[in-house]
Every structure is written in C-alpha cells, then in structure tokens.
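The values are calculated or read from the model by the stated rules, or taken from the named source; none is laboratory data. Computed from a predicted structure; not experimentally measured. Here the Cβ is made from the backbone with ideal geometry for all residues, glycine too, and neighbour counts use every protein chain on show.
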C-alpha cells in the first residue's frame, strides 16, 4: 500500500519520530477513507484537487480548526511529493493550493512566580510518584525539552561529571544541555527515592513508572496540567507551556537568542524568535527605559 511505503520512507530515510509517523499515517488514512466514501473506484494516487478541496470543505463543516486542516493538508503534500519522487505520479494535485488563514496562536508562559511557588510548595507527596512528578516539572523548566524528549531520556544520557544531558530531538538531531546545580540535586534525590521504592533500575530510561516501564505521554501531560491548576489561572497548562516559559524567561533575563535556539533544538532562528515577543512586561520595561521622553 502506498501509504505504508511512504511511512517507511519517512521512518528509514527521514528518521521521523514515532509520533510524527502516527500523525502522517492517521491523516492519510482519513483522507483515503474520504475518497473511498465519495468514489469507491478512485485510487489515492489518482485523486485530483477537486476531491481534496471537498475533503477540506468537509473538515471545515466539521468544525475542525484551520490550523489542524493545514497540518493534515501538509501531510498530504509530503505524500504526493513522495509519489513524484518514486515516479508514481507526474505532478502534485496540491501544487496550486494555498493554506487556510489561521490566527496566530499566542502561548502565554507560566510566570516565574507561578513556577517557583509550585516547586517550593508542599503539594508533592514524599512517595515515589510525588518525587517523580516534582522532578518532571523541574526538569521541563530547567531544560526546555519537549514531552517526547523527556520520556525518552536514558540513564546513560545523563552525565553528572560533565554536568550535561544528551537529548535526542526531532529527526534524531542530538543536542547537549547543561545541568544546573539545582536540577542535578533534583535528579539525584529522584534516583535515591527510585532505588528506595523500586529497587535497582532495570530499565534504560531515567524516568520510569511504578512498574519500571517508560512513562506514557499521557502521564506526563496530566502531571503538568494537574499541578499547575493549583497555582495558575491560565487556560492551557501543558508541558509545552513549560518549554515556552523556559525560553521566554531566558530571553527576558538577557540570554542570547542563538544560545536559546541551540538549547531548544530549533533548526531555524525564526522558530525561536517567537519567544522574544511574548512578555509585555519586558516590552514595557525596555520601552520605558529607552524612550527619550519617558525619562
């Protein structure tokens, strides 16, 4: 099946993560199902822009956001590029397509006060789960890693001698992040509690469940969401907001944007620059201190 050949290509040639592969497969299967329901004799490689547009309209009518629709169509574009590469088709039916307009998604970071009040609180239990969850939240804020990167960190990736952590990012791109003293202390405390409650770690992963298995993304998401409900009124309380907070707070404190780019594992500076426009308090402060008539 062409879809599976495409997924194999993304996995073997492009080194895409399992989450990205699942998203591509899901989008293409949904699209192929739409084709079958509207024209059972039409093959996915022979579909023209007319049927694609009908699919897009159906998603709009189904109240799917423009952002999500654009992502799905992007999956489709990559698929047709693959079919051209393998000489299955001559041209893409999406070559003249323009993405739907979408509003800019503004991520509001947690404030330093919210994060400090949580990490300094007694909300966390002193059993294994509580220490694990506190370490997860501290780790996100001290490193700015993505959720999938955190749960994929192995024991061997952490070096206390060099005070660094090796992170495997998107498309198997490796980067090194320094371990600050407070985070090193948190990791050591976590490992002591893990040994006390679970015995010797038989898993290769640093963060593990009570059954000594790799953490699920759902568990990590719920950890961040549930604890930040206790200290923050913000609507979105997800691991990515902590990544956003990490970058925003560094830049607000004067960190070089290129250094933040490397820490985040971004491939381009434009992806990092969004974090330099998020703090209105910082903008007001700079404006007040810089404008000639404000003094």
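Identify, from the list 66, 116, 70, 19, the residue that is assigned by TED's automatic domain parsing to the domain that holds residue 228 and either within 30 Å of residue 238 (Cβ to Cβ) or in contact (Cβ under 8 Å) with a residue 24 or more places away in the chain (or both).
From the options 66, 116, 70, 19, the qualifying one is 116.
Sort out which residues of region 169-191 are within 20 Å of the chain's Cα centre (by Cα) and surrounded by 19 or more Cβ atoms within 10 Å (Cβ to Cβ), and write them in order of number.
Scanning region 169-191 gives a single hit, 177.
How many residues, within region 217-237, are closer than 14 Å to residue 114 by Cβ and either assigned to a helix (DSSP H, G or I) or within 15 Å of the chain's Cα centre (by Cα) (or both)?
Looking only at region 217-237, we keep the residues that are closer than 14 Å to residue 114 by Cβ, and these are 224-225, 227-237.
If we keep only those that are either assigned to a helix (DSSP H, G or I) or within 15 Å of the chain's Cα centre (by Cα) (or both) as well, we get 224-225, 227-228, 236-237.
Summing the residues that are closer than 14 Å to residue 114 by Cβ and either assigned to a helix (DSSP H, G or I) or within 15 Å of the chain's Cα centre (by Cα) (or both) in region 217-237 gives 6.
Go through region 241-255 and give me each residue that's in contact with a helix residue (DSSP H, G or I) (Cβ under 9 Å, 6 or more places away or on another chain) and free of Cβ contacts under 8 Å to residues at least 12 places away in the same chain.
Across region 241-255, the qualifying residue is only 255.
Report whether or not residue 140 is in a helix (DSSP H, G or I) and either farther than 26 Å from residue 250 by Cα or without any contact (Cβ under 8 Å) to a residue 24 or more places away in the chain (or both). Give the steps one after another, and end with the answer.
Working: in a helix (DSSP H, G or I): yes; either farther than 26 Å from residue 250 by Cα or without any contact (Cβ under 8 Å) to a residue 24 or more places away in the chain (or both): no.
Here the answer is no, as residue 140 does not meet what is asked.
Please count how many residues of region 226-259 are surrounded by fewer than 20 Cβ atoms within 10 Å (Cβ to Cβ) and under 16 Å from residue 148 (Cα atoms).
The total comes to 2.
Please go through (1) surrounded by fewer than 12 Cβ atoms within 10 Å (Cβ to Cβ); (2) in contact (Cβ under 8 Å) with a residue 12 or more places away in the chain; (3) over 19 Å from the mean Cα position of the chain (by Cα) for residue 269 and return the number of the only condition it doesn't satisfy.
Only one criterion in (1) surrounded by fewer than 12 Cβ atoms within 10 Å (Cβ to Cβ); (2) in contact (Cβ under 8 Å) with a residue 12 or more places away in the chain; (3) over 19 Å from the mean Cα position of the chain (by Cα) is unmet by residue 269, namely (3).
Please determine, by comparing only the residues of region 127-140 that are in contact with a helix residue (DSSP H, G or I) (Cβ under 8 Å, 6 or more places away or on another chain) and surrounded by fewer than 20 Cβ atoms within 10 Å (Cβ to Cβ), which one is nearest to residue 214 (Cα to Cα).
128
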